[in-house]
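The values are calculated or read from the model by the stated rules, or taken from the named source; none is laboratory data. Only a predicted model underlies this, so the values are computations on that prediction, with no experimental measurement involved. Here the Cβ is made from the backbone with ideal geometry for all residues, glycine too, and neighbour counts use every protein chain on show. Just so you know, the surface numbers come from the protein's heavy atoms only, side chains and all, with ligands and any DNA or RNA stripped out. Shrake-Rupley method; radii C 1.70, N 1.55, O 1.52, S 1.80 Å.
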Amino acid sequence: MNETTPDPLEQLRERLSARPEGEVRTGTVVGFDEQRGVRVRLDGDDPQARRGTIPRHLLTWAAFEDPSEVVSLGKRITAEVQGVDERTGEVALSARACEDEALYRHLCRTRRGDVVTGTVAAVHGFGVFVRLDGEPAHPVHPGTGFVRVPELTWSPIDHPEEVVRPGQRVTGEVIDVDTYQGEVVVSLKALQEDPWDRLALGEGDVTEGPVTKVVPFGVFVRVGEAAEGLVHESCLGGRVVLEGQEMRVRILEIDRRLRRIRLAPAF
């Protein structure tokens, strides 16, 4: 009877499938690596699949100089699987994700598609933090809810302050739950009507709207409620056009899939 030699690659794949991202694992701290962080021996029966590493930035929410200030050799630790190195089978872990039990429970019970309400806690150029109703305090951020700039509104904006202010009540749809950052990623525009659905204009139509932006390759003109189209510089014939100026344009092409409109002046 011939015995089939186990395929090392297939064995590795089986071990990787047993450690899906988002799974919570326990283990013991067995060492420190100045470059990579904390080494962990994961609990389990397979000696070849018990190696884990917690990068420095995923060890704790608190500030520290050296990982040994946070954990010691032999310490038992709980962490979330962030990924697995397909070459070595080493498991990348986040102890920070599980550090605040109340926060982790809050994130785990929140699902994509949930409608949530909260109060705007902070407005930045990169996005908006929202203190969601019923949430636990976040160890670092002013709220567990976070709205990325493109998810604030269908309308083009230069800064989130054009849409929301601290203290304002907002309602949105959960589009992601990010244990890496400890955030519930929310979209306000998901609950707003898409202005492109109301765009009644077609190719060949002539309309008028304000110039919203002047760029080196042309100008953008608002057509309809929130849609914008581009008049390429080659169509301007050397004319000087200023931001805010009303401009009469003809629609050359509408690409609804890419949400692009090509325009030409209708002087």
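General remarks:
- Subset of region 117-148 [closer than 10 Å to Val184 by Cα and β-branched (Val, Ile, Thr)]: Val130, Thr144, Val147
- Residue list for region 161-189, restricted to those being within 14 Å of Leu132 (Cβ to Cβ) and outside any strand (DSSP E or B): Gln168, Gly182, Leu188
- Residue list for region 165-197, filter: open to solvent by 40 Å² or more (accessible area, probe 1.4 Å) and more than 19 Å from Glu151 (Cα to Cα): Tyr180
- Leading residue by the ranking (surrounded by the most Cβ atoms within 10 Å (Cβ to Cβ)) among those in region 198-218 that are over 15 Å from Leu252 (Cα atoms) and among the β-branched types (Val, Ile, Thr): Val211
- Residue list for region 81-114, restricted to those being in contact with a Leu (Cβ under 7 Å, 6 or more places away or on another chain), more than 16 Å from Thr26 (Cβ to Cβ) and hydrophobic (A, V, I, L, M, F, W, C): Val84
- Within region 203-215, residues that are in contact (Cβ under 8 Å) with a residue 60 or more places away in the chain sit with their Cβ atoms under 6 Å from residues that are in a strand (DSSP E or B) and surrounded by 14 or more Cβ atoms within 10 Å (Cβ to Cβ), at 6+ positions apart or across chains, in these pairs: Val206/Arg250.
For every residue, the table says whether it meets (1) open to solvent by less than 40 Å² (accessible area, probe 1.4 Å); (2) over 30 Å from Val170 (Cβ atoms); (3) touching a Pro at 6+ places or on another chain (Cβ under 8 Å); (4) modelled with pLDDT under 90.
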| residue | (1), (2), (3), (4) |
| --- | --- |
| Thr28 | yes, yes, no, no |
| Arg39 | no, yes, no, no |
| His57 | no, no, no, no |
| Ser72 | no, yes, no, no |
| Ile77 | yes, yes, no, no |
| Val81 | yes, yes, yes, no |
| Leu93 | yes, yes, no, no |
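- Candidates in region 139-164 are the residues that are among the charged types (D, E, K, R) and under 15 Å from the mean Cα position of the chain (by Cα); of these, the one that is least open to solvent (accessible area, probe 1.4 Å) is Glu151.
- Of all residue pairs spaced 6 or more apart or on separate chains, none has beta-carbon atoms under 9 Å together with a first member in region 219-243 that is at pLDDT 95 or above and basic (Lys, Arg) and a second member that is open to solvent by 70 Å² or more (accessible area, probe 1.4 Å) and in a strand (DSSP E or B).
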